[in-house]
Structures are given as C-alpha cells and as structure tokens.
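**Q** I have a structure I would like to understand better, so I am pasting it below and will then ask my questions one at a time.
No value in this document is a laboratory result; all are computed from the given coordinates. What you are looking at is a predicted structure, and each value in this text was computed from that prediction instead of being measured. Note: ideal-geometry Cβ built from the backbone for every residue, glycine included; neighbour counts use all protein chains shown.
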Amino acid sequence: MSTVEVNEIHKSFGANHAVDGVSFSVERGEIFGLLGPNGAGKTTTLRIMLDIFKADSGTVSILGGPMSPEKKELIGYMPEERGLYQDIPLDRCLVYLGTLKGLSTAEAQTRVDKYLKQFDLSTHKRSKVKELSKGMQQKAQIIATIMHDPQLIIIDEPFTALDPVNTQMVKDLMRELRAQGTTIIMCTHQMHQVEELCDRILLIDDGQDVLYGELDEIRRRYSGNAVVVQARGEIPQLDGISTVEKHNGETRLMLADGTAPQDILQALVSHNVTLEKFEIAVPRLDEIFIQVVEEGDEA
C-alpha cells in the first residue's frame, strides 16, 4: 500500500486554478521529489494532502485513508515558512513542539538532547532561537520535524542556509530515515540534491503534473544523441559529430542524425585514442526541468 495516494485533485482560488488534476503516489520508504517553478501549485498540493486546504474535487489517501487527528501525529511537516518560537530558549522550544506531537515532556527532552548533540547545537540549547544563525535555526527546524519519529516526512527546502558540512549531515540523515522505512517528500529548487537523494519525482507546472516517474528512467528518456568522452590527448575530428563541447576535462560530442555511439567508439579506437571515459550523455535534472517548463509555456 502506498503511503500517499493523490488522485485528480483540483483547487481554485477564484479564477486561479492553483491545482488542476494532479495525481501521484508515494511509496513507503522512498524519497520523493515534488518539484516545480514558483507558483506552480506545489504548496497548495501539500496543503491539500495535509488537510489544511480542502480540494474542490479529487481524493487523497494518507497512510491508508483520509487524514485524521491521529495521523497528524505520524507526520512531520517542515514548511518553507519556518515556525520556531523566537523568544524562548532553543531546547524549551523544541521540547514544547515535541509535546504537540504526542511525546511526554520527559521523552521530548531526551530526544531533544540527543538531536542537539547530533546536530552540534548542544552549546546553544539555552540561547533564544532568535539569537541563532539562520543555519542553526534550519537545523533546529529539522529536529522539530523528525523528533517524534514520523512515518511520513514532508520537508520544504531542507538545505536552505546550510553549509556543505551540515548539508551532507542532513542528506545522510535522510538516507538513514529512508533505510528505516520512513517516507520522505522533499520540495526543493536545488536539482543536484534531488539527483543525489530522490528515487522518483513529480514536476508540477501551472497546477498540472507534467513529468512523473523514476528519476533514472526520466533522465534516460530525455537523453539526447550524445556521448561524453575523456581521453589522453586531443580527440580527432570525426565524421558523424555535429558539435563538440569541452568542460572540466571532458568532451561532449553531439552526434549527427544516423550516427550511433558505437560508431564513434569504433572511430576513436581506430584512431588509437586512449580512452579514460566513454559513456552515453545523460542530461542533468535542471536541464530537463527547464526544457519541460519551457515546452509547457510554449504550448
């Protein structure tokens, strides 16, 4: 059974069709990327899933059925607009938020102490939240989202304000949670993070789902007729190549119509080129994102 099943949901605000027939499912124990340009309908979709907004039509199943007060305690939600209490000490703030998710005060304190140590925030536990840096507040917000061991985590822009070390720590944490069977829905504009973490994605544009499926399959679907080559020495001019692009020691060869990658490989070998790398070029997710959105705008 899927952790989340969304079927043909619609939501309008006056004449604005914020969500127009979006459907998708999220499986247990996967990291699912919910993507789209600003104003595409992502946040409205999430709020319908969480029963903050009511859909005009369509259905949503969360953890096996409709949303309920009991299920809300099984969900961790971190919106893009952060919600920490600014004028109280960090540990007191987190303990209180833990009790709102059904933890006793003692259990909440135990878990807060554990996560503050893991997130390198123990020395700041008595500081008021407003005195913390943006990166520290981001880590605190993540703690508030996961501390009650939710079955489903919905997290919006998790890497905002984090330096590379803390970004890696959060990525490792997300992978660990996935391995434990936790389902994660991640919204972000950082496509390289999606490529590293997500199993499947949904791209929403103008309130409609325009790209959906396994990340690897989508990248193969949008791969052009090109190869990436790394060689010792210069690559000779070869028939069947339309353009040549060099970047960071690699060469991208765009193949002309009718030319297969095997043809280029054989030609390179026949020219006695010593190859260190030869692979089918697969587009980056940000390139696919731009292509799909631009095609939708033209349509």
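**Q** Inside region 99-146, can you point out the residues that are surrounded by fewer than 14 Cβ atoms within 10 Å (Cβ to Cβ), under 28 Å from the mean Cα position of the chain (by Cα) and among the hydrophobic types (A, V, I, L, M, F, W, C)?
**A** L100
**Q** Among D163, D172, D149, D216, which is free of Cβ contacts under 8 Å to residues at least 40 places away in the same chain, surrounded by fewer than 19 Cβ atoms within 10 Å (Cβ to Cβ) and either of a type in the set (F, W, Y) or in contact with a Ser or Thr (Cβ under 9 Å, 6 or more places away or on another chain) (or both)?
**A** Working: D163 fails: either of a type in the set (F, W, Y) or in contact with a Ser or Thr (Cβ under 9 Å, 6 or more places away or on another chain) (or both); D172 fails: either of a type in the set (F, W, Y) or in contact with a Ser or Thr (Cβ under 9 Å, 6 or more places away or on another chain) (or both); D216 fails: either of a type in the set (F, W, Y) or in contact with a Ser or Thr (Cβ under 9 Å, 6 or more places away or on another chain) (or both).
None of the other options fit; the residue is D149.
**Q** Same structure, new question: Could you please find all residues in region 222-250 being among the charged types (D, E, K, R) and exposed (fewer than 13 other Cβ atoms within 10 Å of the Cβ)? Please lay out each step first, then the result.
**A** First pass over region 222-250, keeping only residues among the charged types (D, E, K, R): 232, 234, 239, 245-246, 250.
Hits for region 222-250 are R232, E234, D239, E245, K246.
**Q** Against the definition (exposed (fewer than 15 other Cβ atoms within 10 Å of the Cβ), touching a Cys at 6+ places or on another chain (Cβ under 8 Å) and not in a strand (DSSP E or B)), how does E80 come out, yes or no?
**A** Details: exposed (fewer than 15 other Cβ atoms within 10 Å of the Cβ): yes; touching a Cys at 6+ places or on another chain (Cβ under 8 Å): yes; not in a strand (DSSP E or B): yes.
Against the criterion (exposed (fewer than 15 other Cβ atoms within 10 Å of the Cβ), touching a Cys at 6+ places or on another chain (Cβ under 8 Å) and not in a strand (DSSP E or B)), E80 qualifies.
**Q** Among the residues of region 10-24, how many are without any contact (Cβ under 8 Å) to a residue 24 or more places away in the chain and assigned to a strand (DSSP E or B)? Quick ask: steps written out before the conclusion?
**A** Restricting attention to region 10-24, the residues satisfying the condition of being without any contact (Cβ under 8 Å) to a residue 24 or more places away in the chain are 13-16.
With assigned to a strand (DSSP E or B) added as a condition, the list becomes 13, 16.
Residues meeting the conditions: 2.
**Q** Evaluate region 224-239: report whether one residue or more is among the β-branched types (V, I, T) and part of a loop (DSSP other than H, G, I, E, B).
**A** Yes: region 224-239 contains one or more residues that are among the β-branched types (V, I, T) and part of a loop (DSSP other than H, G, I, E, B).
**Q** Something else: Select from region 219-252 the residues that are of a type in the set (K, R) and touching a residue at least 40 places away in the same chain (Cβ under 8 Å) and list them in ascending order. Full working, then the answer.
**A** Of the residues in region 219-252, the ones of a type in the set (K, R) are 219-221, 232, 246, 252.
The answer is R219, R220, R232.
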